[in-house]
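The values are calculated or read from the model by the stated rules, or taken from the named source; none is laboratory data. As the structure is a computational prediction, the values presented were derived from the model and not from experiment. Cβ placement follows ideal geometry from the backbone for every residue including glycine, while neighbour counts extend to all protein chains displayed. With ligands, DNA and RNA removed, areas are computed over all heavy atoms of the protein, side chains included. Shrake-Rupley method; radii C 1.70, N 1.55, O 1.52, S 1.80 Å.
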Amino acid sequence: ISPIDAYEPSYAFESAGPFTAEHLDVHSEIREAAIQDRIRFGERWAVLLGLRYTDFETDSLDILGGVPAPSRFSGSDTSSQFGLVYDLNDSVSLFANRNEAFVPRNELDVNNRPFEPEQSKQTEIGVKFDVGDSGLSGNAAFFRIEKPNVLAIAPNDPSARVPIGAVEVQGVELSVQGRLAPHWSLYAGYAFLDSEMKNESDFNAAGAEFGNTPKHSFSLISNYELQGGPLDGLELNLAYQFSGKRWSDTG
């Protein structure tokens with residue numbers, strides 16, 4: 001389409017040739033089996049152990065300009081979960097955990113084959129508290145998330161994805177929730193994220209921030225339930241969410 005002048009618009013249409021239609025069918029099957037156990041040691045220690053097996057198969061049929069290009073991709077992986085909890089007292093606990101994740105992807109590369117599944121690893125340490133019958137609870141945690149094979153939108157083709165290497169995000173999460181009155185509850189949460197691209201590529205620089213990842217974010221949610229009268233049981237909710245500045249892309 002020809003450029004349009006905002007002050008003197010002319011909606012002329014020019015085409016270099018016939019449009020080429022593309023049709024894509026993707027069928028995926030994911031089968032999983034998981035086992036998890038929580039084991040207590042003495043009065044204060046607890047261990048959480050988990051194991052998950054994932055098997056997947058993806059069939060795709062890409063028809064571009066009337067020419068079909070079928071492909072099939074399959075694989076499997078085992079991911080683990082390990083957590084440790086120490087109860088300081090009846091209200092406060094310290095925790096540490098390490099989790100792995102495995103997510104099959106349907107996006108296709110330049111050869112019309114699905115990309116390798118996205119893998120990630122998260123480690124976290126923190127403290128949680130729950131003050132008896134008051135309903136007041138919260139947590140503070142430091143975490144790190146590592147993803148070795150992240151995809152991004154291709155700069156020259158918004159419908160395509162390109163691999164950009166590894167991304168690491170570390171940060172702090174704080175949250176508290178409880179009741180200010182018998183029928184009035186409040187939740188507040190804050191997160192700080194420090195992201196970093198680990199690999200140099202044609203689309204990003206090593207050390208740059210990861211796109212769409214704000215350093216600061218904050219949420220506030222208030223809930224009030226009316227009691228008595230014709231509006232008995234009606235809940236009023238107010239939610240506020242703030243997200244700080246962030247880069248719009250990985251470039």
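For this structure, a couple of remarks:
- Cβ-based charge dipole, the chain, positive-most Cα from Q119, I145, A208: I145
- Remark: accessible surface ordering of S10, S248 (largest first) is S248, S10, probe radius 1.4 Å.
- Selected from M197, L88, V162, residue furthest toward positive end of dipole (the chain; charges at beta carbon): L88
- Computed over the stretch 121-215, the percent of Cα pairs more than 17 Å apart is 62.
- Against the set (i) 37, 18, 16; (ii) 64, 24, 15; (iii) 43, 29, 20, the structure's computed semi-axes √(5λ) of the Cα gyration tensor in Å falls on (iii).
- The chain - percent of accessible surface contributed by carbon and sulfur, probe 1.4 Å: 56
- When only the Cβ of Lys, Arg, Asp and Glu is charged (+1, +1, -1, -1), the dipole of the stretch 174-251 relative to its Cα centre reaches about 220 debye.
- Calculated accessible area for the chain comes out at 67 Å² per residue, all protein chains present (probe 1.4 Å; ligands, DNA, RNA ignored).
- Heavy-atom SASA rank of D133, D55, D25 (probe 1.4 Å, accessible area, largest first): D133, D25, D55
- Ranking S248, P230, F129 by Cα position along the charge dipole of the chain, where only Lys, Arg, Asp and Glu carry charges on their C-beta atoms, puts F129 farthest toward the positive end.
- Computed over the stretch 83-142, the ratio Rg/Rh where both radii use C-alpha atoms and Rh is Kirkwood: 1.31
- Shape of the stretch 164-251, Cα gyration tensor, a/c cut at 1.5: prolate
- Surface accessible to a 1.4 Å probe, I145 within the full protein complex, Å²: 50
- Estimated distance in nm for a label pair at H23 and L220, the labels positioned 7 Å out from Cα along Cα-to-Cβ: 5.4
- Annotation: for a label point projected 7 angstrom from Cα along Cα→Cβ of E235, residues of the stretch 158-198 with backbone N closer than 17 Å are 177-188.
- Whole-Hz ³J(HN,Hα) from phi, Karplus 6.51 cos²θ - 1.76 cosθ + 1.60, for the stretch 95-104, glycine and proline x: 9, 8, 8, 9, 10, 10, 9, 9, 10, x
- Distance between the pseudo-spin-label points of Y7 and V103 (7 Å out from Cα toward the beta carbon): 4.7 nm.
- Sorted largest first by accessible area at a 1.4 angstrom probe radius, with every protein chain in place, the residues I35, I30 fall in the order I35, I30.
- In a reduced charge model with +1 at each Lys and Arg Cβ and -1 at each Asp and Glu Cβ, the chain shows a dipole moment near 820 debye about its Cα centre.
- Gain on full stretching of the segment that runs from N199 to Y86 - 0.36 nm per residue minus C-alpha separation: 37.0 nm
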